[in-house]
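Right, one structure below, let's go through it.
The values are calculated or read from the model by the stated rules, or taken from the named source; none is laboratory data. Only a predicted model underlies this, so the values are computations on that prediction, with no experimental measurement involved. Because the Cβ atoms are built from the backbone with ideal geometry, glycine has one as well, and the counts that use them run over all protein chains shown. Just so you know, the surface numbers come from the protein's heavy atoms only, side chains and all, with ligands and any DNA or RNA stripped out. Shrake-Rupley method; radii C 1.70, N 1.55, O 1.52, S 1.80 Å.
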Amino acid sequence: MHLARFPRKHFAHLPTPLEKMERLSAELGGPEIWIKRDDCTGLSTGGNKTRKLEFLMADAEASGADMVMTQGATQSNHARQTAAFAAKMGMKCHILLEDRTGSNDPNYNESGNVFLDDLHGASREKHPGGIDMNAKMEEVADQMRADGKKVYTIPGGGSNATGALGYVNCAFELIAQANDRSLVIDHLVHATGSAGTQAGLITGIKAMNANIPLLGYGVRAPKDKQEENVFNLALKTAEKIGAPGVVKREDVVANTDYVGEGYGIPREDTIEAIEMFAQLEGILLDPVYSGKGAAGLIDSCRKGHFKKGERIVFLHTGGAAGLFGYTSAFDFK
Ligand SMILES: *Cc1c(COP(=O)(O)O)cnc(C)c1O
């Protein structure tokens with residue numbers, strides 16, 4: 001397969017760094033822990049959605065759209081990166097935000113990613129939790145089309161086969177970096193939500209026959225549902241890149257033990273993970289995704305699931321802007 005055949009806007013700062021986390025590795029006393037810095041993709045404090053948007057926004061441009069529309073939770077990192085990407089392309093951006101947590105905290109509702117959505121000039125509307133947001137978005141888009149706007153809709157998280165190409169490409173990039181420094185990756189782990197990141201990664205890994213086990217730590221759905229979502233998208237992604245059938249159901253593995261009460265509600269171990277990364281490595285995680293992924297990583301090390309001598313790569317998917325919506329979850333004495 002040859003990804004250069006797909007239209008793409010080269011806006012991300014790539015390759016993102018691959019670094020060893022010396023102090024976190026020493027603290028956990030077991031495996032060597034590395035970090036792939038997709039929090040450093042460049043646009044508007046970075047994050048994983050920028051890789052997907054490189055392909056999605058090129059497709060939007062090719063379709064002749066003058067406006068992009070997407071949806072997400074109130075503190076959506078995807079919405080913020082879409083707003084920034086649209087600004088750089090001179091396109092309008094409209095965002096539908098879903099209240100998934102019911103929080104009344106003014107920081108949660110107006111600061112962090114929401115502040116940045118406004119700063120990038122996007123328009124936004126809010127909806128109660130639990131409705132079918134992709135369906136709602138299509139309804140709003142149809143109304144705007146009736147008014148003469150040329151709207152391109154992007155599903156939540158940018159997770160379709162076009163967006164997942166960004167993470168097929170990330171798998172190639174990471175494996176090339178590891179090859180160049182003779183780093184054998186025993187496990188690759190990350191936070192998984194709308195499934196595009198994991199689906200793209202597993203498709204890339206399998207298409208290269210790299211034999212690297214991939215593990216997604218869930219942030220919302222139960223294990224079976226999450227794995228099913230990732231697998232279905234991986235099937236479509238593999239087909240799109242001309243490698244149908246490379247991903248098998250058993251290649252898709254999620255661990256959803258660290259979700260807690262629900263999406264966007266941090267647990268004690270989420271906060272502990274965020275503080276450990278901040279205080280041992282100077283790295284910012286977030287309370288919705290990367291903090292839960294890191295809590296899973298830390299617990300897996302402590303329980304000996306990842307063993308001494310193994311090399312683990314944690315893909316940092318970003319999200320630090322969301323911290324400013326969650327200051328009340330921290331208690332510094
Ligand atoms: C969206 C997001 C994820 C999850 O990626 P998916 O492709 O939606 O599974 C993980 N971390 C952060 C910070 C995100 O914004």
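So here's what we get for this one:
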| item | result |
| --- | --- |
| K248 vs. criteria surrounded by fewer than 16 Cβ atoms within 10 Å (Cβ to Cβ) and not polar (S, T, N, Q) | yes |
| Residues satisfying the stated conditions in segment 260-273, i.e. open to solvent by 10 Å² or more (accessible area, probe 1.4 Å) and of a type outside the set (G, A, S) | E261, Y263, I265, P266, R267, E268, D269, I271, E272 |
| Residue in segment 216-223 that is free of Cβ contacts under 8 Å to residues at least 40 places away in the same chain, within 16 Å of the ligand (Cβ to nearest atom) and open to solvent by 40 Å² or more (accessible area, probe 1.4 Å) present | yes |
| Candidates G204, G264, G216, G282 - the one that is modelled with pLDDT of 95 or more and in contact with a His (Cβ under 9 Å, 6 or more places away or on another chain) | G216 |
| So E239, is it surrounded by 20 or more Cβ atoms within 10 Å (Cβ to Cβ) and acidic (D, E) | no |
| Selection from segment 274-299 of residues that are open to solvent by 10 Å² or more (accessible area, probe 1.4 Å) and of a type in the set (G, A, S) | A278, G282 |
| Residues located in segment 300-333, provided they are of a type in the set (A, V, I, L, M, F, W, C) and open to solvent by 60 Å² or more (accessible area, probe 1.4 Å) | F324, F332 |
| The lone exception for F330 - which of (1) of a type in the set (A, V, I, L, M, F, W, C); (2) within 19 Å of W34 (Cβ to Cβ); (3) away from the ligand (no atom under 14 Å from the Cβ) it fails | (2) |
| Answer residue from segment 153-170, given it is open to solvent by 10 Å² or more (accessible area, probe 1.4 Å) and more than 12 Å from the ligand (Cβ to nearest atom) and is nearest to D59 (Cα to Cα) among those | T162 |
| Any chance L201 is among the hydrophobic types (A, V, I, L, M, F, W, C) and within 16 Å of the ligand (Cβ to nearest atom) | yes |
| Some residue of segment 115-126 being within 22 Å of A62 (Cβ to Cβ), under 21 Å from the mean Cα position of the chain (by Cα) and assigned to a helix (DSSP H, G or I) | no |
| Residue that is under 21 Å from the mean Cα position of the chain (by Cα) and over 16 Å from G218 (Cβ atoms), where the choices are V288, V247, V253 | V247 |
| Residue count for segment 252-283, restricted to those that are in a loop (DSSP other than H, G, I, E, B) and within 14 Å of D331 (Cα to Cα) | 2 |
| Long-range neighbours under 7 Å by Cβ, at least six apart or interchain, first residue of a type in the set (S, T, Y) within segment 7-24, second surrounded by 15 or more Cβ atoms within 10 Å (Cβ to Cβ) and outside any loop (DSSP other than H, G, I, E, B) | T16/K36; T16/R37; T16/D38; T16/C40 |
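Condition check ((1) of a type in the set (S, T, Y); (2) more than 23 Å from N255 (Cα to Cα)) across all residues:
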residue: A171; (1), (2): no, no
residue: Q177; (1), (2): no, yes
residue: S182; (1), (2): yes, yes
residue: H187; (1), (2): no, no
residue: H190; (1), (2): no, no
residue: A195; (1), (2): no, no
residue: I202; (1), (2): no, no
residue: M208; (1), (2): no, yes
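This table checks each residue for (1) over 14 Å from H190 (Cα atoms); (2) within 11 Å of the ligand (Cβ to nearest atom); (3) out of contact with any Asp or Glu (no Cβ under 9 Å at 6 or more places or on another chain).
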position	(1), (2), (3)
V288	no, yes, yes
K292	no, yes, no
G296	no, no, no
R311	yes, no, no
T317	no, yes, no
F324	yes, no, yes
